[in-house]
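This report concerns only the one structure given below.
FYI, it's all coordinate maths here, none of it is from the lab. Bear in mind the structure is a predicted one, so any value in this text is a computation, not a measurement. Neighbour counts run over all protein chains shown; Cβ positions are idealised from the backbone, glycine included.
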């Protein structure tokens with residue numbers, strides 16, 4: 001291969017007929033499509049930006065501010081390239097609406113976690129930064145998330161560990177991350193925050209607890225999870241107003 005790079009985000013966006021300015025300055029990004037569609041109902045005059053490989057983004061107005069919503073990946077690799085597309089597309093502030101496994105005894109399904117530190121356990125970010133790179137969320141934005149979500153539920157604030165292997169959350173692997181300060185685990189937040197840092201995009205993440213690694217509680221089909229997701233997609237818009 002003689003070229004510097006085979007494919008880059010700017011070229012991909014151009015192939016999708018995207019123009020600079022199509023996105024809003026704020027992006028509210030979910031992993032699951034149903035969360036993105038819940039966010040979509042709060043926008044005035046939303047326009048679909050594009051659909052690519054199952055990821056769809058819309059941009060509309062919320063109280064006069066231009067906002068983009070969409071589904072941004074389930075796992076580290078797809079979250080990495082989608083986040084890069086969003087950053088290159090001109091979004092200045094990215095907020096992740098996600099889910100996680102709790103890693104504190106008292107956490108239960110439907111609780112919220114505001115991520116204040118990211119522990120990288122994924123493979124995708126190694127293509128972007130050195131192994132010693134520590135991703136940074138925006139402290140002011142994270143503080144605001146904590147304040148507004150305390151109105152609707154129990155909120156924890158702490159470190160999120162991102163892994164690539166959901167079925168390898170064994171005690172031999174999990175316990176050392178707890179010792180490093182992780183209070184939850186997911187498969188997305190590390191690339192979402194890391195790549196936002198690379199592009200100097202303001203970033204934060206709010207997660208809802210779907211299960212608990214310490215107690216064994218499973219809530220993937222629990223009404224408390226669905227209720228918390230509904231609250232999350234509604235409450236997040238307070239950050240804009």
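As an exercise, use a Förster radius of 22 Å and the Cβ-Cβ distance of residue 3 and residue 164 to find the FRET efficiency, rounded to the nearest 0.05.
The value I calculate is 0.15.
List residues of region 119-139, by number, whose backbone nitrogen lies under 11 Å from a label position 7 Å along Cα→C-beta of residue 15.
So the set is empty, nothing qualifies.
Residues of region 210-233 with amide nitrogen under 18 Å from the 7 Å Cα-to-Cβ point of residue 41?
So the set is 223-233.
Comparing 230, 217, 179, which has the greatest mean-square fluctuation in the GNM of the chain with Cα pairs linked when under 10 Å apart?
179
For a quick protection proxy, order the peptides 161-172, 181-192, 201-212, 51-62 by their average other-Cβ count within 10 Å, most packed first.
Output ranking for 161-172, 181-192, 201-212, 51-62: 181-192, 201-212, 51-62, 161-172.
Report the gain in length on full extension from residue 222 to residue 134: 0.36 nm times residue separation, minus Cα-Cα distance, nm rounded to one decimal.
28.3 nm
With volume of the Cα convex hull per residue in Å³ as the read-out, I listed (i) 127; (ii) 106; (iii) 140; which label goes with the value calculated from this structure?
For volume of the Cα convex hull per residue in Å³, the calculated option is (i).
Express the relative contact order of the chain as a whole percentage, based on alpha carbon pairs under 8 Å and six or more residues apart in sequence.
26 percent
Could you work out the relative contact order of region 147-208, using alpha carbon pairs under 8 angstrom and six or more residues apart, expressed as a whole percent?
Once normalised by length, the contact order is 34 percent.
For labels at residue 230 and residue 63 in the simple 7 Å Cα→Cβ model, what's the distance in nm?
2.3 nm
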